[in-house]
1. For labels at Val45 and Met65 in the simple 7 Å Cα→Cβ model, what's the distance in nm?
2. Largest first, how would Leu68, Leu85 line up by accessible area (1.4 Å probe)?
3. Hey, what do the phi angles of the range 18-26 turn into as Karplus ³J(HN,Hα) couplings, whole Hz, using 6.51/-1.76/1.60 and θ = phi - 60°, x for Gly and Pro?
4. Which of rounded, prolate or oblate describes the range 51-102 when judged by the alpha-carbon gyration tensor and an a/c cut-off of 1.5?
5. Say the dipole of the range 1-59 comes from +1 at the beta carbon of Lys and Arg and -1 at that of Asp and Glu; which of Ala46, Tyr19, Tyr5 then lies farthest toward its positive end?
6. Arrange the residues Ser86, Ser39 by how much accessible surface each exposes, largest first, with a 1.4 angstrom probe.
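The values are calculated or read from the model by the stated rules, or taken from the named source; none is laboratory data. Keep in mind that what you see is a predicted model, and the values were worked out from it rather than measured. Here the Cβ positions follow ideal geometry from the backbone for every residue, glycine too, while neighbour counts run over all protein chains shown. To get the accessible areas, we keep the full protein, side chains included, count just its heavy atoms, and leave off ligands, DNA and RNA. Shrake-Rupley method; radii C 1.70, N 1.55, O 1.52, S 1.80 Å.
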Amino acid sequence: MIDAYADPGTPDLRAGRRYLWWLVRCQPGRSVAGAVFASVWMAMVALMPYAIARAVDRGIEPGDMGALALWTGVLVLVGGCTAWLSIMRHRTMTRVRMDANFRTVKVVVGQTVRLGRRCGGGSAPARWSPSAWATCRRSARPSRWSGRASARWWPARSSPVCC
């Protein structure tokens, strides 16, 4: 996990996509692991109906108990692998999401402090807090998409406060 007191790094604040790419680059191992777990998990989910169909077609219909036992074993094996992959995908992407959230909070709070100094006495920190938190939540959400192995790139709805 991220150290709460360490510098989060220097984000690329030119666009929402660049910021998301910076978040992925901060944790490349986890992002790749999440993408691999998600891709293999989806393939395993697709194998379940195939194994059921084979058990019915090769075992139940002809009455072949050996084939039925074989395909039932395949079904149990695929189900166990799918469950393990699902757990690993979820754990990995939760870590990706939390790391991205912590980094975003650090960046937004740092920017809020810098802007608060410029705004002078007319702006209370309590007025900036809800806006900063909403930005952090919005920008941390798409980080989990890096692990879904999606062919489509989802643009950020807003970039962090970067004035």
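1. So the two model labels end up 3.7 nm from each other.
2. From most accessible down to least: Leu68, Leu85.
3. Karplus-based 3J(HN,Hα) across the range 18-26 equals 5, 5, 4, 5, 4, 4, 5, 5, 5 Hz.
4. Prolate, since a/c reaches 1.5 and a/b exceeds b/c.
5. Toward the positive end, the furthest listed residue is Ala46.
6. The ordering from most to least exposed comes out as Ser39, Ser86.
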